[in-house]
Structure formats: structure tokens, C-alpha cells
């Protein structure tokens, strides 16, 4: 099971991960009262979550925005905890910021209430806004979008090169066309799993209670970690109408049973008990050789690149069709902004790779199509020491040709669905019931909560 460093940000539109400084709520509300800036003609407020590293990068971006927009100030409202609660408080008191990060569920609600700018009306004026990857938009009606993801992310297979070399196994393919089958994936993970005496799970005397190195780490609780396997196996979380849950179908049961078997039958992945409550981040576990491979998000590249780990990136194992999942929290502009044109310009500026180091540093992936199709644009963010040589194939091409947007971004009533889904996933991960037993029981409950999809639209 992977420790998800940005789970609360990217999972189901909930509040951001991170540790709040003392008095964070008071400082945010005070910031909203102040109007921000150094007395410019237009004073904007930018509300966001993230790590301390992201805070530094966003503040630098805001400073550059001010330098390039004379007479405009942009004040950061850094909110690393209880984000949705604070957004609701600010909206209720008519003190909403101008531009903000936003979880999907609350974003749809505010958009339908008329609190967020319909950015579709700006597509003609700003072609870059209209030319983003189709799956990154948050549509809530025909010709109505409250924005796109702040940045794109996809799920990948990470590995420690030295561990694989020591075991004499091939590295995970970086090209989707060569993706491992599930059986090959399990066989490789088995060869990479060792107990304290150096025995593998397929060897006599292997002690599953004393494993020093697991072949792989993943999560059953985190939807982006398994949805790609569902789609690869010809199924999905719900049907095309968004009215029928498909978790009790044979292809879905196969996927979840395979994931459970990694932990309890093959013994190649840590169980929740073996992982513990305070497990180190993925990059640390790979570096210390606690795990050899990990299914995790692209965003961990930032930490991987800063470690002393010789790592590699591969595409996920495949059933029928190679598939990864793309995801990301939204960014929005509030309709109450006193400076709507400047707010739109800040919106476009805040996730432009020309102005934000988070793309070249490995935390974010771009939104515009050109960064996945045009060689010069691709090189502008991946041609550096942070991104390994296989990145273009394993990530850029993989995203462009084989990514499906996470279902939590578009499925209605997701908060209530999550309250039913998450305990079921925990049951599977706990290993006391088979995937079939759990999924057969939970599917009718989810059916009763389904309200269909939010729309999609070609631009």
C-alpha cells in the first residue's frame, strides 16, 4: 500500500494535504479582509493549498505576475488545511478570493450557484485556455466550465534500478505497447520480494512474517491506483450513463482480487498492518529498499529527483488495453472579483510552464496539448536532469494516448458515494473477505446513490 503524499488533494476533491501553521484560519480570513498587495490599482487574492515547496513556487509566481502586470498586486492566501471549510466560510461572508484552487465536488456546487466564472466565455479571447487536454476540464453544462485542473497528473510504475539489477530482472517497459501483462508483473514482484534470510515467496522456507523487501507497493483505497486496471480490463466503476455500478462484474472482481492477492496470496506487497500507520513516503521506501517498485502518481517525481535514488519510470501493467488515469484538483475564478479581467489573466498565468517552476521541477504536468505534441514545447519542461530519459515515452506519450480521466472528477454525488465506497475498499485491503464478497455487497448501495455524470464537451 502506497503512502499518498497528495491523497487529500487529488482523491475526491477534499481539502489539501499538509500541516497547518498555528493560526492558519485566522490569517486566511484576515488576508481576505485586507485586499492584499502594495496598493496597486487592481488587488487580487490567490487562495491555494500545497506543501511548503509548492507555497514557495506559487508565491514566486505571484511575484512575477505582479512584475509583469503594472498596477496589479496578487496576494497569496496559503491554506494547507481545512480548505473546503474555509472556502465555504469566505463565500458565505462575501469575501471569496479572486482565483483559487478548488476540489471538484465543491467546485461543481459553487459553479451551479453562479459563484464561479464560466471560463468558456473566454475561450475565443485566450486560445491557450481552449486548447487544453480534453480530460482536464470541469464541465457543468453545455458551454459551461468552471475551469480545468490546476495541473495534470497520471499514475505510473516507479522502481529502484539497483534493486532490479541485483535481482537480474528486466525493468518495467516505458512504452505502452510493451506493457507487462498482470502475470509478468506478479512474477517480477515475486522475484523482488525477500524475507530476512533472502528467500523469495516461491522458495521453500520463505517467512511471510519477516519480509525485508517487498516487490511492489500499491493502494486499494485510492481510486486512481486501481481505476486504470478496470479500464484496461474492459470495465469501469460505473456504466456510461453513470447510473449503474459495475464493481460486481467479473472483470472488476478480477482486478480487485488480483490486487488483494498481491498482499495475501503472493505476499509481494505490504498489507496495511505491515505498512503501518506512519509509513515513509514512496521515494524513501524505494531508496531504503523496503520496496522495489511502486504504483504512484507522477507528482512524486519532485521528491524522487531530490533524493539520491537511481530510479526509473515504467507504464502500468495491462490486461487488454494499456491505460493510466489522469487526475488533478481544479483552479477557478470567482464571479465576485472586482477585477475580472486581471483575475482571468492571473488564472492563465498561474499554471503556465513559462512562469511556474513546478513543471520543470517534477511536481506538475502541463495542461495545454502542445506540451504533449510539439517537440520544442515538450523539451521546455522535460529536457532537464529532473526528468529521466524514458519520461517522454513513459509519461508524455502515455498521457496523450492512453490516459482516462479519473471517475471522481465527473461523477455526481461523489462525496456520498465515497462514504460507502471507501469502507468497502478498506475491507478488501484488510484481506478478511474476498473481493467478490465485498463488491457484491457494496454495489447495490452505490447504485442507490448514483445520479449520473457531469457533462463532457469537445472544444
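Number of residues in the stretch 15-59 that are part of a helix (DSSP H, G or I), at pLDDT 95 or above and more than 30 Å from residue 415 (Cβ to Cβ) equals 1. Take residue 398 and decide whether it is assigned to a helix (DSSP H, G or I), over 19 Å from residue 294 (Cα atoms) and within 19 Å of the chain's Cα centre (by Cα). The answer is no for residue 398.
Within the stretch 91-117, being over 24 Å from the mean Cα position of the chain (by Cα) and surrounded by fewer than 22 Cβ atoms within 10 Å (Cβ to Cβ) holds for 91, 92, 93, 94, 95, 112, 113, 114, 115. Every condition in (1) over 17 Å from residue 332 (Cβ atoms); (2) assigned to a helix (DSSP H, G or I); (3) modelled with pLDDT of 95 or more holds for residue 73 except the one numbered (2). Does residue 255 satisfy the criteria of being free of Cβ contacts under 8 Å to residues at least 12 places away in the same chain and either surrounded by 22 or more Cβ atoms within 10 Å (Cβ to Cβ) or assigned to a helix (DSSP H, G or I) (or both)? No: the conditions fail for residue 255. With a requirement of 3 or more residues that are touching a strand residue (DSSP E or B) at 6+ places or on another chain (Cβ under 7 Å), the helices (runs of 4 or more DSSP H) lying completely within the stretch 275-394 that satisfy it span 282-287, 340-350. Residue-level check: of (1) surrounded by fewer than 20 Cβ atoms within 10 Å (Cβ to Cβ); (2) more than 21 Å from residue 432 (Cα to Cα), residue 248 misses just (2).
Could you say whether any residue in the stretch 145-152 is at positive phi and part of a strand (DSSP E or B)? So far as the stretch 145-152 goes, yes, one or more of its residues are at positive phi and part of a strand (DSSP E or B).
For the stretch 120-129, the count of residues that are surrounded by fewer than 24 Cβ atoms within 10 Å (Cβ to Cβ), under 18 Å from residue 286 (Cα atoms), free of Cβ contacts under 8 Å to residues at least 40 places away in the same chain and touching a helix residue (DSSP H, G or I) at 6+ places or on another chain (Cβ under 9 Å) is zero.
Annotation: of all residues in the stretch 224-238 being out of contact with any strand residue (DSSP E or B) (no Cβ under 8 Å at 6 or more places or on another chain) and crowded, with 23+ Cβ neighbours inside 10 Å, the one that is nearest to residue 277 (Cα to Cα) is 226. Annotation: of all residues in the stretch 388-402 being crowded, with 21+ Cβ neighbours inside 10 Å and in contact with a helix residue (DSSP H, G or I) (Cβ under 7 Å, 6 or more places away or on another chain), the one that is nearest to residue 307 (Cα to Cα) is 391. With respect to the stated conditions, residue 114 is at positive phi, outside any strand (DSSP E or B) and in contact (Cβ under 8 Å) with a residue 24 or more places away in the chain.
Every residue, every condition in (1) under 30 Å from residue 423 (Cβ atoms); (2) not in a loop (DSSP other than H, G, I, E, B), yes or no:
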{"residue": "140", "(1), (2)": "yes, yes"}
{"residue": "157", "(1), (2)": "yes, yes"}
{"residue": "163", "(1), (2)": "no, yes"}
{"residue": "177", "(1), (2)": "no, yes"}
{"residue": "186", "(1), (2)": "yes, yes"}
{"residue": "199", "(1), (2)": "no, no"}
{"residue": "204", "(1), (2)": "no, no"}
{"residue": "215", "(1), (2)": "yes, yes"}
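Taking the criterion of being without any contact (Cβ under 8 Å) to a residue 12 or more places away in the chain and not assigned by TED's automatic domain parsing to the domain that holds residue 276, would at least one residue in the stretch 399-406 satisfy it? No - not one qualifying residue is present in the stretch 399-406. Would you be able to tell me the number of residues in the stretch 313-336 that are in contact with a helix residue (DSSP H, G or I) (Cβ under 7 Å, 6 or more places away or on another chain) and surrounded by fewer than 21 Cβ atoms within 10 Å (Cβ to Cβ)? Count: 2.
Of the residues examined, residue 320 is not one that is at pLDDT 95 or above and closer than 29 Å to residue 97 by Cβ. If you check 321, 368 for being in contact (Cβ under 8 Å) with a residue 40 or more places away in the chain, closer than 27 Å to residue 228 by Cα and assigned by TED's automatic domain parsing to the domain that holds residue 283, only one passes: 321.
The values are calculated or read from the model by the stated rules, or taken from the named source; none is laboratory data. Owing to the predicted nature of the structure, the values given are computational and were not obtained by experimental measurement. With ideal geometry, Cβ positions are generated from the backbone for all residues, glycine too; neighbour counts draw on all protein chains shown.
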